[in-house]
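The values are calculated or read from the model by the stated rules, or taken from the named source; none is laboratory data. No experiment lies behind these values; they were computed from the predicted model shown. In this analysis, Cβ positions are derived from the backbone assuming ideal geometry, glycine residues included, and neighbour counts consider all displayed protein chains. Heads up: the accessible areas ignore ligands, DNA and RNA and are worked out on the full protein's heavy atoms, side chains in. Shrake-Rupley method; radii C 1.70, N 1.55, O 1.52, S 1.80 Å.
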Amino acid sequence: MLAGKPLSYKLQFVVIFVIHIALLYWIYWLLQNTGALSTMKVMAHFTGIAIYGALLIRGCAAWAKWHHLNDIKKLQDKQDKENNQK
């Protein structure tokens, strides 16, 4: 899956994986402790989880777009350089 990819892609994968695991742990913790928390605290946690998830999705998409645009720019620069040498 990540074989042959630059280190920046591998680092991105690790960071995203860790952030997702943290979100899953938060959800698990909340579900385990919902009976011991007040309704307002549970609602606050679910609101936080929803915001965290939305930011995670948006952040991952923006990071992937940045990588994609960088790859396109590098390819264009390489093609321009090859065209200028001819």
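Using beta carbons and a limit of 9 Å, which pairs, at least six apart or on different chains, have the first residue in the range 1-27 and under 24 Å from Ile49 (Cα atoms) and the second one open to solvent by 80 Å² or more (accessible area, probe 1.4 Å) and not in a helix (DSSP H, G or I)?
That search, which allows pairs on different chains as well, returns Phe13/Met1; Phe13/Lys5.
So which of Thr39, Thr47, Thr34 ends up being of a type in the set (Ser, Thr, Tyr), farther than 17 Å from Tyr9 by Cα and open to solvent by 100 Å² or more (accessible area, probe 1.4 Å)?
Thr39
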